[in-house]
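The values are calculated or read from the model by the stated rules, or taken from the named source; none is laboratory data. On a predicted model such as this, the values are computed, not experimentally measured, just so you know. Glycine also receives a Cβ, built like all others from the backbone with ideal geometry; neighbour counts cover every protein chain displayed. Quick note on the areas: whole protein, heavy atoms, side chains included, nothing else; ligands and nucleic acids left out. Shrake-Rupley method; radii C 1.70, N 1.55, O 1.52, S 1.80 Å.
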Amino acid sequence: MCSDKDERNAEDESYSIKNGKNDAQYKILQQCQERQNKSENRKRILAQSFVTSAVMFSSASCGMPVGYSAVLLPQLKLLNDSMQIDDEIGSWIASIHSAATPIGSLLSGVLMDRCGRKLALQIASTPLILGWILIALSTSHSVLLLGRLIAGFSAGLTAAAGQVLIGESSEPHLRGMLSSIPLASYSFGILLVYALGSLLPWRIVAGLSTILPITSMIVFFFLPESPVWLIRHGKLEEAKKAMTWLRGGSKIKAKEETEHLVDRLELETQTHRKTTLATLLQPEVAKPLIIVNLFNTMQILSGTYLIVFYAVDILKHVQGGNSLDNFLAAVLTACVRFIFSVMASFLLALVGRRMLAMISGLGTAISALFLGAFLHQNCQGLDYIPALFVLIYVAANTLGFMILPGVLISELFPTKIRGLAGGLTFMLFNFTLFGVAKVFPYVKNVIGISGVFWIFGLVSLGASLFLYLSLPETRGRTLSEIEDYFQQEGFLWVGRDKRWEKKAKCGVTEKLAAKS
């Protein structure tokens, strides 16, 4: 009955019937409208979930080469042929993935701005497939390193594009949860490669790892491009179609959001055009760049990815080679990481970014400092205690520190430079990660495993303080509201939340007044 009527006509008829005191017809029409709204809501959530699912395949495929070194290195050390390694070659195998990722990250900004977010993700899967094939067929360290290098380049192309596509396709109340789900799938990729590596030879694991990127390339053919990108490239009709699909078929909602994006673009073009460097120095760009990149650096120094790269080696030192099988313990850390990344996806919709950052930072600091003190005392007969606190450390660290940087990239950067800023951020992140991963074995030998966890704990405390002072609460905010916030004076968030709330309420009041 109601499906054949235009949404606006249905609202007008509802008003007429209500004023005519025809309660029976009014109730029937209201029921039709409610059913139609529920149907649109389901379709809207489903459509945005499809986009997120496609990005999940890409993210999981990128997580696999990151975790691969943890199972590859122990297997290579046991060999008695030309592929056997020492600590020097092992550190290169673990870190070279991150050496190539910055190049891919920088190019990803240009690629997703020129070709679109969706096509950029499809292109990014090709070198990853090639990298895994080279690793599987390698007969020397140089070919193995080349495969790792190409896989790292692919990961750099993928990371920012996936977060940007989800951020531009999802609604504010879903954006936090949806933009964190690919990071959960990234953790699943690490878990998957750990599990495969504990059961199968490393060459077979490399061959099986081509399945996810191939699947990702295929799935993206069935999805629309980002409406934001389409509008910024003059493809208004395609943008309307994409937005209508993403909003569950609601043409009214799609039209409103599309018109808002067009208005924002027109406002930008009316202002004076600036060079890329000048744009990066604008407050709405420079402030989020500082926040995200400082957070990334402290996240790396808190051990988030070092535990991933060197899981088996670290657990061997933590346990002293006793009690638990180190491969099994590594798989357990990956399981915990995956479970808590999924939990974080739901918590982001309930408690917000700042609360999750504080819980994660303090939890990471306490567990790491306790573990460092315990290992320094060299307590005997309590072999399971260090392993337990490693799991607590991984859980706390994943809950916010591992998840949040990707979420913030999809939220904090303004539309006009989101692609470039995201690519630049991932480039700096991976340069830092490469350097830290490369020197980690030497630092560990100098200060010991207890000293390593003390550094993790102290950096986590510093990161918690920094985020408490500077990170804005973006839960439920539109991307335009977030951009407007960074145009205000000042850098610190502390003391500004009430003003933002007041501004938001005033905006809602103005909209209601305009409608009435």
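For region 65-83, give me each residue that is open to solvent by 10 Å² or more (accessible area, probe 1.4 Å) and either within 17 Å of P441 (Cβ to Cβ) or in contact with a Ser or Thr (Cβ under 7 Å, 6 or more places away or on another chain) (or both).
From region 65-83, those open to solvent by 10 Å² or more (accessible area, probe 1.4 Å) are 73-75, 77-82; that's our starting set.
Hits for region 65-83 are L73, P74, K77, S82.
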Problem set entry | Cβ-Cβ under 6 Å pairs, at least 6 apart or on other chains, region 453-465 side modelled with pLDDT under 95, far side open to solvent by 80 Å² or more (accessible area, probe 1.4 Å) | S464/L362
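D12: among the acidic types (D, E) and at pLDDT below 70, yes or no? Show your work before the answer.
Details: among the acidic types (D, E): yes; at pLDDT below 70: yes.
The answer is yes for D12.
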Exercise. What do you reckon, is A155 more than 19 Å from the chain's Cα centre (by Cα), touching a residue at least 60 places away in the same chain (Cβ under 8 Å) and in a helix (DSSP H, G or I)?
Worked result: no
For this session: Consider only pairs whose beta carbons are under 6 Å apart and that are at least six residues apart or on different chains; among these, list those whose first residue lies in region 336-349 and is on the phi > 0 side of the Ramachandran plot and whose second residue is open to solvent by 10 Å² or more (accessible area, probe 1.4 Å) and not polar (S, T, N, Q).
Result: none
Problem set entry | Pair list, Cβ under 9 Å, 6 or more apart: region 36-63 residue in contact (Cβ under 8 Å) with a residue 40 or more places away in the chain, other residue open to solvent by 60 Å² or more (accessible area, probe 1.4 Å) and of a type in the set (S, T, Y) | S39/S3
For this session: State all residues of region 336-364 that are of a type outside the set (A, V, I, L, M, F, W, C), modelled with pLDDT under 90 and either buried (at least 21 other Cβ atoms within 10 Å of the Cβ) or within 19 Å of T52 (Cβ to Cβ) (or both); if no residue qualifies, say none.
Result: R337, S341, S345, R353
Exercise. Within region 227-236, is even one residue open to solvent by 40 Å² or more (accessible area, probe 1.4 Å), more than 23 Å from S98 (Cβ to Cβ) and under 20 Å from the mean Cα position of the chain (by Cα)?
Worked result: no
Exercise. How many of the residues making up region 38-49 are open to solvent by 80 Å² or more (accessible area, probe 1.4 Å) and either under 11 Å from W245 (Cα atoms) or touching a Pro at 6+ places or on another chain (Cβ under 8 Å) (or both)?
Worked result: 3
Exercise. Taking S187, is it in a helix (DSSP H, G or I), touching an Asp or Glu at 6+ places or on another chain (Cβ under 9 Å), of a type in the set (S, T, N, Q) and over 18 Å from A161 (Cβ atoms)?
Worked result: no
For this session: Kindly indicate the residue of region 411-423 that is closer than 14 Å to W229 by Cα and part of a helix (DSSP H, G or I) and also most open to solvent (accessible area, probe 1.4 Å) among those meeting that condition.
Result: K416
Exercise. Which one of these is within 21 Å of C115 (Cβ to Cβ) and in contact with a helix residue (DSSP H, G or I) (Cβ under 6 Å, 6 or more places away or on another chain): T258, T215, T210, T244?
Worked result: T215
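Based on what the data block shows, is S53 in contact with a helix residue (DSSP H, G or I) (Cβ under 9 Å, 6 or more places away or on another chain) and either more than 18 Å from F222 (Cβ to Cβ) or open to solvent by less than 20 Å² (accessible area, probe 1.4 Å) (or both)?
Answer is no for this residue.
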Problem set entry | Matching residues, region 198-214, being closer than 30 Å to A329 by Cβ and either small (G, A, S) or open to solvent by less than 80 Å² (accessible area, probe 1.4 Å) (or both) | S198, L200, P201, W202, V205, A206, G207, L208, S209, T210, L212, P213
For this session: Look at A161 and say whether it is at pLDDT 90 or above, of a type in the set (G, A, S) and not in a loop (DSSP other than H, G, I, E, B).
Result: no
Problem set entry | Pick from region 237-265, criterion within 14 Å of R44 (Cβ to Cβ) and surrounded by fewer than 17 Cβ atoms within 10 Å (Cβ to Cβ), ranking: modelled with the lowest pLDDT | G249
Seminar exercise, completed: Exception for L428 within (1) within 20 Å of the chain's Cα centre (by Cα); (2) open to solvent by 30 Å² or more (accessible area, probe 1.4 Å); (3) closer than 18 Å to A368 by Cα falls at (3)
Seminar exercise, completed: A careful count of residues in region 335-377 that are of a type in the set (S, T, Y) and within 15 Å of S460 (Cα to Cα) gives 3
